[in-house]
Amino acid sequence: MTITSNQQDAFIRRLAAAASYFCCLIAFYIDIGQDMGAKYFMPILVPVIAALILMQYATRVSIFSRAALPNLLTSLGWSMTFPLLYAWTYNTGWYQSKICFDFVIGTAAFVLMMSIESVLSRLGHVKISSFFMALLNFAGLAIPFIQWVYYCLFWHCLTPASLMALYLTNYNESIDFIQSNLGLFPTLLIIAGFALFIYLAYRAHLHFARLTEDYEASALRLSTLGLLTFLALWAHSFYLPQTSFAELWEDVTTYVTQTQEYSTGHDERFNSLIIDAENTLAAKAPGTVILIIGESASRNYMKAYTPEFPFENTPWLSEKLSSNAPGFIRYTNAYSSWSQTVPVLQRALTEQSQYNGKEFFESASIIDVAKKAGYETWWFSNQGRYGQYDSAITLVAKTADHATWTDDSYTFTDKYDEALLPYLHQLDPSKNNFIVLHIMGSHIYYNNRYPASFDKFQTLEEDSRATSTPSYANSILYTDYVVSQIFDYAQKHLNLQAMVYFSDHGENLEISHNPDVFSFDMVRIPFWVYISPQYQEAMPRHTAALYEHQHRYFTNDMLYDTICGLLNAPSSRYNPEQDFASFTYSFNRETLTTMLGQHKLTEDVDGAPEENIPE
């Protein structure tokens, strides 16, 4: 077989282009400090270059031509995005094997799209196939694009925590996120950019078709396209689950799968919970106990906790505390265990905590304890059930005797928290009732969380009402009102014995509560307790401990044990050292952590002194 000089020249050009592609990407990884390592890139050197040479031969289109540009961009998006953003975020290396997998998948995507396009361009309907390929490029760049947008918003690469939030987010919450972090005009610019990209990609694909329409497709070239398509699909099936992004996604889906096991073993856990019902609070002081779960409330921006805060946004709570109203106890050094709702509440509501190594799906809940302690249990929520699967919160809520959502769907409610008040009329005051109320509180957008009558503190014209400090203060003001209404009704009509309020996490008014850009105001939370005169008489030791701990440090993942103590319902699933309502509580600022152990509370330079620590 004689090889002509033109064929030799074509082979050399294809080899040079393939080698340049390979070497430039390896040099890029080395330059950003993310070298994939010779033991990873040397074994794929020959297969990758061979595939790129064959691709150019079969399609008659060069790697670096205008016609190949949209497919090349898709390839580079997968090959470069995560390693680069990880290096910029942490200034350290990612796993070498993961970088290799990203490289292989990006290259395989390039080969696959070029092969598909070459076949489509020979079937006619050039405009339709060109538009299809432009949409395919757009879809292929969706995940790299999401990573870039996230980085530009928070200067941090995506992590399992941020992906978890995306996974459990519903449509309406996504809209709120986009509006609060991007704004309308930048969002419209991005949409316009998408449209421009699709149009330019479409034009490039038309050029691809023009380059190839004059050539007859030989059997050898078609066979090569078939082989390349098969190999590219095989590479995707084998390597895609091992890429950087897929590993993060696997962490999230594994968590969700494990979470769903909560329901499977619930009956067994419930039956194993042995509580002496004759000595519980329900037996000694019958009545109602209420737990209110706040949302995104930071004690930094509440007048009752921070006197220097310029807005009088807690008039009811401040009055109760300043007048020394009997039974009201404020805790000044409470923190959340994380800065997002689901990870926090799956721990606050169950045995699982930062300190005991227990898994959520193996844990009893406060609902289980209340039932065994002699209460009829109620769950009323003004938050949606979240996402594709039931979240850990919903799984716990559904074990209550009665569980109701103001919007009983997987949506993000637009109702104000006072919509919960009528549900209290369902309760029989002659029974022992344990009620959980999950409010919207100060969830961003802040100005969507209160009616016009509570728009007391005005935002400056140059600031956004959605995320301004005055709007946040208004949302706290409204929460203060709603909580006061709950308290007043329960005290008058439900024989209220105890009431607990805490927030899931705090808030940074500039960047919300994203764990990837952590600051301590995201985890400084309000936490207070009311205990009735009857409670104080029936439970004098618990009462004394609750008062003595006003300035002790506490994280809300220990709420389960504290509720066990408050109800006087110890069991084999109770740790007295985590019970804030007991003198056996053994934690202090030096031993407590937040962000699931990533930060010690001693790192909070604004932390207040701790008092009444036992010797």
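We did not get these values from a lab; they are worked out from the coordinates using the rules stated. Not measured: the values here are computed from a predicted model. Here the Cβ positions follow ideal geometry from the backbone for every residue, glycine too, while neighbour counts run over all protein chains shown.
Brief remarks on what is shown
- Summing +1 for each Lys or Arg and -1 for each Asp or Glu among the other residues whose beta-carbon sits under 14 angstrom from that of Asn6 gives +2.
- A dipole drawn for the chain from +1 and -1 charges on Cβ atoms has a positive end, and of His425, Tyr150, Asn271 the residue lying farthest that way is Tyr150.
- Across all Cα atoms of the stretch 515-565, the radius of gyration (one decimal) and Dmax (whole number) stand at 14.2, 46 Å.
- Relative contact order, whole percent, for the chain stands at 16, derived from Cα pairs under 8 Å and 6 or more residues apart.
- Length, then width, then depth: along the principal axes, the Cα atoms of the stretch 70-150 run 49, 24, 12 Å.
- Annotation note: chymotrypsin sites (Phe, Trp or Tyr not before Pro) in the stretch 531-615 located in DSSP loop regions with a Cβ neighbour count of at most 10 within 10 Å are absent.
- When volume of the Cα convex hull per residue in Å³ is computed from the coordinates, the matching label among (i) 179; (ii) 153; (iii) 200 is (i).
- Where chymotrypsin sites (Phe, Trp or Tyr not before Pro) fall in DSSP loop in the stretch 65-151, at most 13 other Cβ within 10 Å: none
- Cα centroid of the stretch 444-459 to Cα centroid of the stretch 299-354, whole Å: 20
- Spatial separation of Cα centroids for the stretch 182-221 and the stretch 506-525, in angstrom: 41
- Selected from Gln491, Leu567, Gln346, residue furthest toward positive end of dipole (the chain; charges at beta carbon): Gln346
- When only the Cβ of Lys, Arg, Asp and Glu is charged (+1, +1, -1, -1), the dipole of the chain relative to its Cα centre reaches about 1940 debye.
- Radius 14 Å from Cβ of Val529, net charge of other residues (Lys, Arg +1; Asp, Glu -1): +1
- Formal net charge of residues neighbouring Ser20 (Cβ-Cβ distance under 13 Å; K, R +1; D, E -1): +2
- For the stretch 27-181, the calculated P(r) over all alpha carbon pairs, in 5 Å bins from 0 to the bin holding the longest distance, is 2, 8, 15, 18, 16, 14, 12, 9, 5, 1 percent.
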